[in-house]
Amino acid sequence: MNWQVTSTISGGHVHSAATLEEYSGCAAALNDAARQWSTLAATWNTTMMQVGGLRMSAPLCPALQSGNVAAAGHVTLPFQRIVDDCGDHIRQCRLFSDELTEMAELLIRAYSLYSEAERTTQRVVTELIQVGAALFPGHAAAATAAIAVGGFIGGSLAEGGTNGIHALDATAWAQEGLMSGLASKIAGIGGLKGALSTDEVNRAAGGIASVTAPLYGALQGDALQVKQVYSRTEVVRESHSVAEAMENLRRLGEERLGKIDLNSGLEYGTIAIQEYRKADGSSSWLVTIPGTDGKLDSPFGWPQNVELMSSDPEQRMHADSARMVLEAMERAGIGKDEPVALIGHSQGGIVAAAIASDMADRYTFEHVVTCGSPVANHPIPERTWVTSVQIDDELVAALDGAANPATENWLTVTGTVHKAPGSLTTSVSEEGYCVPGIGPGAEDPFTAASVRDTGEDKEITHWLKYHQAAYQNATDLGSPAVQRHEAHFQEVLDGELVSTTYWQGRMTASATMAPGEPVNPPRL
């Protein structure tokens, strides 16, 4: 466990002005007390230095200067004990100061006290970068390259090797602005109009998809085949929390990519649909959608991401991955009025956001969970709850060029990855969840959550295990916003698991399909 994630939270609940003022005042009081303890530590340090100076300046007492036992008739002051006591006081004052500062930080993060100000600042920075990148693309490219090279060199030197991931880390703060600047150039959106809008990437994606979608369709085939497949082992298990659903998403995604071997027989292009039966006999559903697998005949290829990012609903629903999920949902028997929760990673999260946006008249989408997905501009209805988890330097989540909405029903957990201190002890439970260490030498579990199976060197943070750690830390903080969203997700899946079905999609040429087999056109 060499890397940890510390989370910040935005959206998810509405504070009254009085509540914000009270919590902000409490955080300010804690910080003020921390400064006072820090000042006291400095005072004790000064006292210790003065006592040491007095001891060395005692010219008439050779015994005192030499440190020997005082000669007969001499009386010596306990200088050494005074110095030692001062050192103890310094350590205690600094400890109190650090603890109070940490309490203030935890309060700020748990209650998102300054999130609105931070969002405003980030929006200004993003728009400035966007305008600069659009007006001076050459200068922007050169500056980005210089920052990336600097990050690569500095990070590689710190690790004692070469690691290109640090080039990505160094530009994390500017990624949304650079993406929106590039997109505004492609889409022809400039001036004040470009600075005030946030959907430049989506409009540019629509233009690109109008060219790439037909070409890729000709390459891989334009007919979608969806069939139910069966697993030899349990991959997606019963879940009643976001953390459990994320673990199942990881298991399914890594199993189909061959990163783990659960001996299931499941292949790429596979999703899972679960039915839960409530006490009153009604059903609710959970659809688990992994990300891009990049196989040529898979509906979850790379070009489908561009279609899903389009600002045009028709283009979004034309994407093979969206069509495949909708076909599987229909064949699984999900009713129009039955509550549905969706969870997806990367492209899977974009699919979830797209169909929740465009198919709200066909299904009752109650909750959407996205992990590492650029979905800020998808028009998800306000009645649908959204829990987004992302890492600040993963790039993928920043590809939409905008920050997620911070509304009562849309919560975003953003994780920052950093090296774990040597004293941290963590473990992974049998189910695979991140468990902060408790015991001798363990760090405060509220500070950060550890990432499973990481080495000494930094790696791509788009892996789902980083999103799991981010959500774990947000949960440990005791955030009311996270608790509200968690309770809503659990309410949707309140019942007994009835069935788990797996659905696989393949793209093929129309001529190779069996006679009478449906082509599955876009469902609008």
Within the range 345-403, considering residues that are surrounded by fewer than 24 Cβ atoms within 10 Å (Cβ to Cβ) and polar (S, T, N, Q), the one farthest from the chain's Cα centre (by Cα): THR364
Under 6 Å by Cβ, and 6 or more places apart or on different chains, what pairs join a residue from the range 166-191 that is in contact (Cβ under 8 Å) with a residue 24 or more places away in the chain and among the small types (Gly, Ala, Ser) with one that is open to solvent by 30 Å² or more (accessible area, probe 1.4 Å) and part of a loop (DSSP other than H, G, I, E, B)? ALA172/ASP392
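Scan the range 441-491 residue by residue and report those that are in a loop (DSSP other than H, G, I, E, B) and in contact with a strand residue (DSSP E or B) (Cβ under 6 Å, 6 or more places away or on another chain).
PRO445, ALA448, VAL451, ARG452, THR454, THR461, SER479
Given LYS259, LYS227, which one is open to solvent by 40 Å² or more (accessible area, probe 1.4 Å), within 25 Å of TYR471 (Cα to Cα) and of a type in the set (Lys, Arg)?
LYS259
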Given ARG109, ARG119, which one is in a helix (DSSP H, G or I), in contact with a strand residue (DSSP E or B) (Cβ under 7 Å, 6 or more places away or on another chain), open to solvent by 30 Å² or more (accessible area, probe 1.4 Å) and touching a residue at least 60 places away in the same chain (Cβ under 8 Å)? ARG119
Select, from ASN248, ASN263, the only residue that is out of contact with any Phe, Trp or Tyr (no Cβ under 6 Å at 6 or more places or on another chain) and on the phi > 0 side of the Ramachandran plot. ASN263
State yes or no: is THR162 outside any helix (DSSP H, G or I), without any contact (Cβ under 8 Å) to a residue 60 or more places away in the chain and open to solvent by 30 Å² or more (accessible area, probe 1.4 Å)? yes
What do you reckon, is SER264 part of a loop (DSSP other than H, G, I, E, B) and in contact with a strand residue (DSSP E or B) (Cβ under 8 Å, 6 or more places away or on another chain)? no
Does ASN68 count as at pLDDT 85 or above and either under 35 Å from the mean Cα position of the chain (by Cα) or surrounded by fewer than 17 Cβ atoms within 10 Å (Cβ to Cβ) (or both)? no
GLY151 passes all but one of (1) within 30 Å of ARG35 (Cβ to Cβ); (2) open to solvent by less than 40 Å² (accessible area, probe 1.4 Å); (3) in contact with a helix residue (DSSP H, G or I) (Cβ under 6 Å, 6 or more places away or on another chain); (4) not hydroxyl-bearing (Ser, Thr, Tyr); which number fails? (1)
Checked the range 380-408 for anything among the β-branched types (Val, Ile, Thr), under 15 Å from VAL351 (Cα atoms) and not in a loop (DSSP other than H, G, I, E, B); matches are VAL386, THR387, VAL396
The range 347-379: number of residues that are hydroxyl-bearing (Ser, Thr, Tyr) and either in contact with a helix residue (DSSP H, G or I) (Cβ under 6 Å, 6 or more places away or on another chain) or part of a helix (DSSP H, G or I) (or both): 3
Kindly list, by first and then second residue, each pair from a residue in the range 401-420 that is farther than 24 Å from GLU159 by Cβ and among the charged types (D, E, K, R) to a residue that is outside any strand (DSSP E or B) and open to solvent by less than 20 Å² (accessible area, probe 1.4 Å), limited to pairs with Cβ atoms under 8 Å and residues at least 6 apart or on different chains. GLU408/GLY12
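The values are calculated or read from the model by the stated rules, or taken from the named source; none is laboratory data. Please read these numbers as outputs of a predicted model, since none were measured by experiment. All Cβ positions, glycine included, derive from the backbone under ideal geometry; neighbour counts span all protein chains shown. In case anyone asks, the SASA skips ligands and DNA or RNA and just uses the protein heavy atoms, side chains included. Shrake-Rupley method; radii C 1.70, N 1.55, O 1.52, S 1.80 Å.
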